[in-house]
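The values are calculated or read from the model by the stated rules, or taken from the named source; none is laboratory data. The structure presented is a predicted model; accordingly, all values stated were derived computationally and were not measured. Every residue, glycine among them, receives a Cβ derived from its backbone with ideal geometry; neighbour counts consider all protein chains shown.
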């Protein structure tokens, strides 16, 4: 992180302004965690003690931001793997047809690409279906008593 960012954060400018449920210091803290800093390192960056950093790390808004970043990263990785799925399938077919060459590492890599692309697509479908169900439940009026 740039020094001027941490100086701005330490000075407390716009401390009360919330960006997606986080104040500027918490936002910098989250970005530091995403960049690979430990909770203690991120805490020092925003000039708070480690104990406060660990408390911030448990806040629902912080957890939500970190979870969203992880979800986006997995989606991007899945897209890359899905893009290579055709090449992996063609590679498997070519290796299967070429009985003269032993290509165990290429076969393993191609198989892994196909499996991860398939699982990633399946998980994305499940997540979409789950989100739809959660929205339906949230929009269903509660009538009290037992269901």
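Listing for the model above:
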| item | result |
| --- | --- |
| Qualifying residue in region 106-122 (condition: at pLDDT below 90, under 27 Å from residue 30 (Cα atoms) and not assigned by TED's automatic domain parsing to the domain that holds residue 26) | yes |
| Residue in region 38-54 that is crowded, with 20+ Cβ neighbours inside 10 Å and either assigned by TED's automatic domain parsing to the domain that holds residue 120 or touching a residue at least 40 places away in the same chain (Cβ under 8 Å) (or both) present | yes |
| Qualifying position, being within 30 Å of residue 108 (Cβ to Cβ) and in contact with a helix residue (DSSP H, G or I) (Cβ under 9 Å, 6 or more places away or on another chain), among 32, 61, 88, 42 | 88 |
